[in-house]
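Structure, as structure tokens:
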Amino acid sequence: MANSRKAPNCVMVIFGASGDLAHRKLIPALYNLAVDGLLPTGFAVIGFGRKPMTDDVFRSEMKAGVAEFSRSKPINEDVWTAFSTQLHYQQGSYDDHASFDALNDRLKVIDAAHETAGNRLYYLSTPPEAYALITERIGTSSLVQNQPPAAWSRVVIEKPFGHDLQSARDLNEHVHKFFREEQIYRIDHYLGKETVQNILVFRFANGIFEPIWDRRYIDHIQITVAENIGIENRGNYYETSGVVRDIVQNHLLQVLALIAMEPPAEFNADDVRNEKLKVLKALHLDRNNANGLVRGQYGPGKVGGVVVNGYVQEAGVAPDSTTETYLAMKLNVDNWRWAGVPFYIRSGKRLSRRVTEIAIQFRMPPRMLFSEATRHEIEPNVLVMTIQPDEGISLKFGAKRPGSGEQVQPVVMNFNYGESFNIPAPDAYERLILDCVLGDSTLFTRADEVEAAWQLISPIVEGWKAGANSFIEQYRSGSAGPKGSDDMIQQDGRKWRAL
Ligand SMILES: NC(=O)c1ccc[n+]([C@@H]2O[C@H](COP(=O)([O-])OP(=O)(O)OC[C@H]3O[C@@H](n4cnc5c(N)ncnc54)[C@H](OP(=O)(O)O)[C@@H]3O)[C@@H](O)[C@H]2O)c1
């Protein structure tokens, strides 16, 4: 585990430090690592951006972010005072060589002042349009320390990584001109969630589940990422993204890969990612089902008793927008373990409830043993891994209802993270930033994984543009999604878990 190792001294340069992510996630995560004593002894942050700011203004803006968004509250003033002396700001322009030369000079001063040993972590927290330019400027301004083990340089790239297969390939090719693959950390914050990491522990650290984790025992798998919020003033972004790029291509397919992968030979970055890659390459839309994909867009409705607009009435959204806010697909993993086991995935906004869960539904047992009446009461076993909220695992099985008859009633056995461990889970960014500093890229997406995910998604999105499967059904805000999605799964004699 990352936390048992000592983090090496380094400087973290955050490009786009004046933005939302730095304010809400990155600096609060660093502060909490400081609270837990997990930051290296020699550590500093340089926020880089176009906005002019002094170090003092940067520190006070970041303190406001920590006060509002930190998981540990209230601010520990002693920790903050020490931590804030490690925060610096450098104003500059992303396309200007002189700004990067000035950053290099500043880095040398800060390296010396904080004894950071020349190690650098460059974090791209800007809109994706700027990724290519910034990596090029870093690479051509002597900012990359390339003499391991003397000093290291790594780059963290936020999502989205490309907007289709070609752009992801182009970006990979471009970044590889300046950084070796092992220096590149493509972040998908879902993989930093404790409950997502627990998928591998659950599967591979227990003797009883792996032997039944295949087509002999599993009927189908459902993965749901449901949100009850809408697009929240992010109309401009969402119009170019849709749920397919916002959730499905990255978070959802990554979770699916963890559920379906073979055990790695060792728990290291290459072995884990090799196994995930095999799943992504074997994944395809169900070929026998022309209706194996349903797109939806939220209309007006009520969520939590509040009347809300439809998607096309949101700010920044075209009145005739064809962007999907809901997507359901039936996918197959074409390998020996999973042949014939459908993976139904769905994700949407403005649904009745916020939940991310994986449900493994096992095959029905033979029921001839029981009377006609009892047979109808028997339900399949379902193992549910809840990623958020109420993180935990539950198993549904049939139990005999007390009494003289032979009535069977489904009951649920529950494990709840909060109740069992009684310690708050760290934010995903805490774990992931620490892993970058430690040089552990297991929870980051490799170039070939990103491209394999796009290989599935890109033709689908291109098909929509050409009119294939492009129908968008409107669903009521606050509902369980489009009716077509229910029809899709019912056609196979199955049903979605209730939202
Ligand atoms: N916010 C989140 O919760 C979240 C979650 C997951 C992933 N992400 C990803 O993280 C990245 C940063 O997100 P964010 O919400 O912080 O973005 P943001 O607030 O829109 O932008 C971050 C900063 O980037 C700089 N910037 C803006 N437009 C730019 C441009 N065209 N070229 C270069 N720099 C520009 C700005 O700083 P200056 O003007 O000072 O240079 C801005 O403050 C994005 O790629 C986003 O997709 C964000």
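The values are calculated or read from the model by the stated rules, or taken from the named source; none is laboratory data. Model, not experiment: these values are computed from the prediction. Methodologically, a virtual Cβ is constructed for each residue, glycine included, from the backbone with ideal geometry; neighbour enumeration extends over all protein chains shown.
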- Query: Here is a list of conditions, (1) within 13 Å of the ligand (Cβ to nearest atom); (2) under 19 Å from residue 58 (Cα atoms); (3) surrounded by 17 or more Cβ atoms within 10 Å (Cβ to Cβ), and residue 93 meets all of them except one; can you say which number that is?
  - Reply: (3)
- Task: Give just the number: which of (1) surrounded by 15 or more Cβ atoms within 10 Å (Cβ to Cβ); (2) touching a residue at least 24 places away in the same chain (Cβ under 8 Å) does residue 167 not satisfy?
- Result: (2)
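Residue-wise test of (1) farther than 21 Å from residue 357 by Cα; (2) modelled with pLDDT of 90 or more.
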{"residue": "371", "(1), (2)": "yes, no"}
{"residue": "381", "(1), (2)": "no, yes"}
{"residue": "400", "(1), (2)": "yes, no"}
{"residue": "403", "(1), (2)": "yes, no"}
{"residue": "419", "(1), (2)": "no, no"}
- Message: Kindly evaluate residue 349 against the criterion of being of a type outside the set (Gly, Ala, Ser), crowded, with 19+ Cβ neighbours inside 10 Å and in the same structural domain as residue 206 (by TED's automatic domain parsing).
- Response: yes
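Can you find even one residue in region 78-89 that is closer than 24 Å to residue 159 by Cβ and either out of contact with any Pro (no Cβ under 8 Å at 6 or more places or on another chain) or not polar (S, T, N, Q) (or both)?
Restricting attention to region 78-89, the residues satisfying the condition of being closer than 24 Å to residue 159 by Cβ are none.
Looking for residues that are closer than 24 Å to residue 159 by Cβ and either out of contact with any Pro (no Cβ under 8 Å at 6 or more places or on another chain) or not polar (S, T, N, Q) (or both), one finds none in region 78-89, hence no.
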- Item | Test: residue in region 199-210 that is under 16 Å from the mean Cα position of the chain (by Cα) and more than 16 Å from the ligand (Cβ to nearest atom) | yes
- Message: Give all pairs with beta carbons closer than 9 Å in which a residue from region 304-318 that is under 8 Å from residue 230 (Cβ atoms) meets a residue that is assigned to a helix (DSSP H, G or I); count only pairs at least 6 apart in sequence or on separate chains.
- Response: 311/235; 311/238; 314/235; 314/238
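Mind listing just one residue for me: the one in region 116-131 that is touching a helix residue (DSSP H, G or I) at 6+ places or on another chain (Cβ under 9 Å) and without any contact (Cβ under 8 Å) to a residue 40 or more places away in the chain and, of those, farthest from residue 19 (Cα to Cα)?
It comes out as 118.
For region 218-238, which positions are surrounded by 14 or more Cβ atoms within 10 Å (Cβ to Cβ) and either among the small types (Gly, Ala, Ser) or assigned to a loop (DSSP other than H, G, I, E, B) (or both)? Walk me through it before giving the result.
Filtering region 218-238 for residues surrounded by 14 or more Cβ atoms within 10 Å (Cβ to Cβ) gives 218-228, 230-231, 234-235, 237-238.
Within region 218-238, 226, 227, 228, 230, 231, 234, 235 qualify.
For region 19-32, does any single residue satisfy the condition of being touching a residue at least 40 places away in the same chain (Cβ under 8 Å), surrounded by fewer than 17 Cβ atoms within 10 Å (Cβ to Cβ) and farther than 20 Å from residue 156 by Cβ?
Narrowing region 19-32 to residues touching a residue at least 40 places away in the same chain (Cβ under 8 Å): 19, 21-32.
Of the ones still in play, those that are also surrounded by fewer than 17 Cβ atoms within 10 Å (Cβ to Cβ) are 24.
Narrowing the set further to residues that are farther than 20 Å from residue 156 by Cβ leaves none.
So far as region 19-32 goes, no, none of its residues is touching a residue at least 40 places away in the same chain (Cβ under 8 Å), surrounded by fewer than 17 Cβ atoms within 10 Å (Cβ to Cβ) and farther than 20 Å from residue 156 by Cβ.
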- Matching residues in region 464-482 - criterion: being exposed (fewer than 14 other Cβ atoms within 10 Å of the Cβ) and in a helix (DSSP H, G or I): 465
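Evaluate the following for residue 3: is it more than 13 Å from the ligand (Cβ to nearest atom), in a helix (DSSP H, G or I) and at pLDDT below 95?
yes
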- Item | Residues that are part of a loop (DSSP other than H, G, I, E, B), more than 14 Å from the ligand (Cβ to nearest atom) and out of contact with any Asp or Glu (no Cβ under 6 Å at 6 or more places or on another chain), drawn from region 38-81 | 38, 39, 40, 41, 70, 72, 73, 74, 75, 76
- When region 6-31 is checked residue by residue, the ones that are closer than 13 Å to residue 45 by Cα and either outside the structural domain of residue 150 (by TED's automatic domain parsing) or more than 16 Å from the ligand (Cβ to nearest atom) (or both) are 9, 10, 11, 31
- Those residues of region 387-423 which are in contact with a Ser or Thr (Cβ under 8 Å, 6 or more places away or on another chain) and within 28 Å of residue 38 (Cα to Cα) amount to 387, 388, 391, 392, 417
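Right, residue 15: closer than 26 Å to residue 193 by Cβ and out of contact with any Gly (no Cβ under 8 Å at 6 or more places or on another chain) or not?
On the way: closer than 26 Å to residue 193 by Cβ: yes; out of contact with any Gly (no Cβ under 8 Å at 6 or more places or on another chain): no.
The answer is no for residue 15.
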- Residue check for residue 113: exposed (fewer than 13 other Cβ atoms within 10 Å of the Cβ), farther than 25 Å from residue 186 by Cα and touching a residue at least 40 places away in the same chain (Cβ under 8 Å): no
